[in-house]
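The structure appears right after this line, and notes come after that.
What follows is calculated from the coordinates using simple rules that are stated; it is not laboratory data. Quick caveat: nothing in here was measured; it's all calculated off a predicted structure. So basically every Cβ, Gly included, is an ideal-geometry build from the backbone, and we count neighbours across all protein chains shown.
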Amino acid sequence: MTTKAKLYISWIAAVGLIVLVAGLSHWQSTGLPRLLAFLFLAMVLSTQKIRLPGMKGTMSLSFPFILVGIADFGFGETLLLGCTVAFVQTLWHAKTPPRPEQIVFNMGTLVLSAGLADWLSHAILRLLHLNSLVLLLASASLFYLLLNTGLVAGVISLTEEKPFQKEWLHCFYWAFPYFLVSAVAAGLVSTLSHSASWVAGLLVLPLIYLCHFWYQIHVERTVRVQAAVPGSDEISPVLVQD
């Protein structure tokens, strides 16, 4: 690993830790039972990973829960969700035991992505004097997608000495449809939670899993098609590395 890559990983880990400590130090609870329930489900579903073509990366079912956190939870609670699911997703059934720097980078990346997406999306709504769940989730998803893929493309570019723009486009290509569906699912969970109870919002879980299952089939089919075409370029995004 190059010196630049080591410095980059250290910087992401350090800033992520600062953001996490700042969020937890200003803890505002929106309900402990709901937080524990969503945290448990997010941890369980973060083990359902899609292994991406040509990369050591995976995507899991945890993203909708982070969006629900941005919409309905406190800032510290959302950061706790992001940090926890990154830890579980990195360690669970990894092909090779993750290195310490890999774990802290993944956790730092998700904390930064979730934290900045939370702050920026709420700041936009305050600036526009709006209270729109659709706008909140749309902006949060976009900010999270740009930040997450950008941070990960940066470490890939430095460690594997590949062009940053190409790696970022690859990340964005695979992540965008998944994030779009996740935003819709999170909107349904949040809407049901507000209209009935937070338990009612969990009724959307089967739909989330079906979308995840469909995307896994799509990825596997793409891998088979690429393998059948000699000399084809692999499209290789990554969100959390194993």
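Tabulated values for the structure
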quantity: Cα gyration tensor category, rounded, prolate or oblate, for the stretch 1-112 with a/c compared to 1.5; calculated: oblate
quantity: Computed magnitude of the charge dipole of the chain (debye, nearest 20; Cβ of K, R +1, Cβ of D, E -1); calculated: 200
quantity: Paramagnetic label zone (point 7 Å from Cα along Cα-to-C-beta, T2; backbone N under 13 Å) in the stretch 135-167; calculated: 154-165
quantity: Order of I217, I66, I50, I124 under a 10 Å beta carbon neighbour criterion, fewest first; calculated: I217, I124, I50, I66
quantity: Helix-derived mean residue ellipticity, 222 nm - over the chain, DSSP H n ≥ 4, -39500 (n - 2.57), to 500; calculated: -26000 deg cm²/dmol
quantity: Stretchable slack from V44 to H194, in nm (0.36 nm times residue separation minus alpha-carbon distance); calculated: 51.6 nm
quantity: Nearby lysines by direct alpha-carbon distance to K95 (threshold 25 angstrom, same-chain neighbours under 8 apart not counted); calculated: K6, K49, K56, K162
quantity: Residues in the stretch 162-177 reached by a label modelled at L146 [backbone nitrogen below 19 Å; 7 Å Cα→Cβ]; calculated: 164-177
quantity: Estimated distance in nm for a label pair at T159 and R224, the labels positioned 7 Å out from Cα along Cα-to-Cβ; calculated: 3.0
quantity: Charge dipole magnitude, Cβ of K and R +1, D and E -1 - the stretch 88-202, Cα centre, debye nearest 20; calculated: 100
quantity: Relative contact order (percent, whole number), the stretch 7-70, Cα cutoff 8 Å, 6+ residue spacing; calculated: 21
